[in-house]
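S.K.: Handing you this structure, nothing more for now.
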Amino acid sequence: MPGGGRCPDCGSAELVDDSHYSQSQLVCSDCGCVVTEGVLTTTFSDEGNLREVTYSRSTGENEQVSRSQQRGLRRVRDLCRVLQLPSTFEDTAVAYYQQAYRHSGIRAARLQKKEVLVGCCVLITCRQHNWPLTMGTICALLYADLEVFSGTYMQIVKLLGLDVPSLCLADLVKTYCSSFKLFQASPSVPAKYVEDKEKMLSRTLQLVELADETWLVTGRHPLPVITAATFLAWQSLQPSERLTCSLARFCKLANVDLPCPASSRLQELLAVLLRMAEQLAWLQVLRLDKRSVVKHIGDLLQHRHTLVRKAFRDGTAELEAGEKQQQGWGKSPGQGKEEAATSSLDRPEGKRPASPALLLPPCMLKPPKRICPPPPISTVTGDEDISDSEIEQYLRTPQEVRDFQKAQAARQAAIGVSNPP
């Protein structure tokens, strides 16, 4: 290499490049000394000056993105395109993935957690842009475990210090109900089961809001509540033809999965509707049950706020008014009986009206039973150690010793008198 360095052994400037297979070597042509062997260099000038450079300064700097990270970035972009998200969402999700991958705990995590990280970044982006997307939807797309996903999601939010707003329930209802296959006639859906999308969505929103006001949504997964509300809304629009359809068959017709707690949420919603129906005079005569109350859901939702307030909150005032009517304060006994009969048609005379239900979360109305552990069985063997405080109970004071000796002497004297020689 003319004009380059010199050989460290002989001082010759005749250095030539010798390619040994795929590895380049710098060799002295006079003495055969190998000057450099496979050195990472950035430019030919550094190679000419025989200066070794670090990996971060070499041409390998462009290859510092690992295969795992490159695969994760491709997965983030693919997931955004499957969900048909805007391009700005895709860029934000990719940026969050790169930030999370810089942490050593994420890089050293298992492959399952790295796969879940893709969905977490997309979900965070959608929540920040108020895009209705549920955790269950992403878990279904990624075939991920819900517990692992939720744990990783909370870890990423805390690790990156992000502010993620909660999901709007109304947007979730609209997105979830749009996936139901009940708005167009098909071979699998009879014509009597097809319903208008706007009517069904409007009534479902009202039922979900009612469930939210009566503590049926707080602290629970929203999809079972929405499924139960959608089923009731669908039945109430044409009750004569749909009351015989069960919840399981409804979900099968709609081509959606039936969440496990949806049946329990359905019974709770029907109980709330029955409680509200008791406050309407024209429904008290009908003696409604959980099956027939579905026919009057439209009337109940029309006066929802007033009925909920009367059924759950103003019960104390109504109870006091009923007691005053029964006692007939300031009125004749006959007049009091007539008013009591008109206010409650089927209640026997002298019987107090039913107390209103407490408006509390279900977990407080029916708290889970706590298992009381059995008390430990202690067996006394006599070999236990006696504590210092317990020993003091067995020690006698000098006065007690003298009294005991006197009692012993008196006993001996009494025995000697009773048994003379």
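The values are calculated or read from the model by the stated rules, or taken from the named source; none is laboratory data. None of these values were measured; they are calculated from a predicted model. Positions of Cβ are backbone-derived with ideal geometry, glycine not excepted, and every protein chain shown enters the neighbour counts. Calculation scope for accessible area: heavy atoms of the full protein, side chains included, ligands and nucleic acids excluded. Shrake-Rupley method; radii C 1.70, N 1.55, O 1.52, S 1.80 Å.
S.K.: G161 is checked against (1) modelled with pLDDT under 90; (2) closer than 16 Å to T92 by Cα and fails just one. What number does that condition carry?
M.R.: Of the numbered conditions (1) modelled with pLDDT under 90; (2) closer than 16 Å to T92 by Cα, the odd one out for G161 is (1).
S.K.: If L160 satisfies all but one of (1) within 27 Å of Q206 (Cα to Cα); (2) touching a residue at least 40 places away in the same chain (Cβ under 8 Å), what's the number of the condition it fails?
M.R.: Against the list (1) within 27 Å of Q206 (Cα to Cα); (2) touching a residue at least 40 places away in the same chain (Cβ under 8 Å), L160 comes up short only on (1).
S.K.: Please specify each residue of region 222-257 satisfying the condition of being in a helix (DSSP H, G or I), of a type in the set (S, T, Y) and either open to solvent by 30 Å² or more (accessible area, probe 1.4 Å) or touching a strand residue (DSSP E or B) at 6+ places or on another chain (Cβ under 6 Å) (or both).
M.R.: Matches in region 222-257: S240 only.
S.K.: Identify, by number, the condition in (1) more than 24 Å from the chain's Cα centre (by Cα); (2) more than 19 Å from P362 (Cβ to Cβ); (3) in contact (Cβ under 8 Å) with a residue 60 or more places away in the chain that Q206 doesn't meet.
M.R.: (1)
S.K.: Checking G219 against (1) surrounded by fewer than 16 Cβ atoms within 10 Å (Cβ to Cβ); (2) part of a helix (DSSP H, G or I); (3) small (G, A, S): exactly one of these is not met. Which one?
M.R.: Here G219 meets the rest and fails (2).
S.K.: Now for a different question. Out of (1) in a helix (DSSP H, G or I); (2) more than 24 Å from C121 (Cα to Cα), the odd one out for K174 is which?
M.R.: (2)
S.K.: Within region 135-149, which residues are in contact with a helix residue (DSSP H, G or I) (Cβ under 6 Å, 6 or more places away or on another chain), under 11 Å from G119 (Cα atoms) and β-branched (V, I, T)?
M.R.: I138
S.K.: Starting from region 210-236, take each residue that is touching a residue at least 12 places away in the same chain (Cβ under 8 Å) and under 17 Å from F183 (Cα atoms) and list its partners that are part of a loop (DSSP other than H, G, I, E, B) and open to solvent by 10 Å² or more (accessible area, probe 1.4 Å), counting only C-beta distances under 8 angstrom and pairs at least six apart or across chains.
M.R.: Note: pairs meeting the criteria are T227/V256; T227/L258; T227/P259; W234/E195; Q235/L243.
S.K.: For L307, all conditions in the list (1) more than 29 Å from L237 (Cα to Cα); (2) modelled with pLDDT of 70 or more hold save one; what is the number of the exception?
M.R.: (1)
S.K.: Can I ask one more? From (1) in contact (Cβ under 8 Å) with a residue 24 or more places away in the chain; (2) open to solvent by 60 Å² or more (accessible area, probe 1.4 Å); (3) closer than 29 Å to C260 by Cα, pick out the condition that doesn't hold for L123.
M.R.: With (1) in contact (Cβ under 8 Å) with a residue 24 or more places away in the chain; (2) open to solvent by 60 Å² or more (accessible area, probe 1.4 Å); (3) closer than 29 Å to C260 by Cα applied to L123, the lone miss is (2).
S.K.: Follow-up. Could you check how many residues of region 94-120 are touching a Lys or Arg at 6+ places or on another chain (Cβ under 8 Å) and either of a type in the set (A, V, I, L, M) or open to solvent by 30 Å² or more (accessible area, probe 1.4 Å) (or both)?
M.R.: Matching residues across region 94-120 total 4.
S.K.: Considering each residue of region 176-195, count those that are in contact (Cβ under 8 Å) with a residue 40 or more places away in the chain and buried (at least 16 other Cβ atoms within 10 Å of the Cβ), and give that number.
M.R.: Qualifying residue count for the region: 7.
S.K.: Another one. Return yes when E198 is open to solvent by 80 Å² or more (accessible area, probe 1.4 Å), under 20 Å from S263 (Cα atoms) and assigned to a helix (DSSP H, G or I) and no when it is not.
M.R.: Considered against the rule, which asks whether it is open to solvent by 80 Å² or more (accessible area, probe 1.4 Å), under 20 Å from S263 (Cα atoms) and assigned to a helix (DSSP H, G or I), E198 comes out as no.
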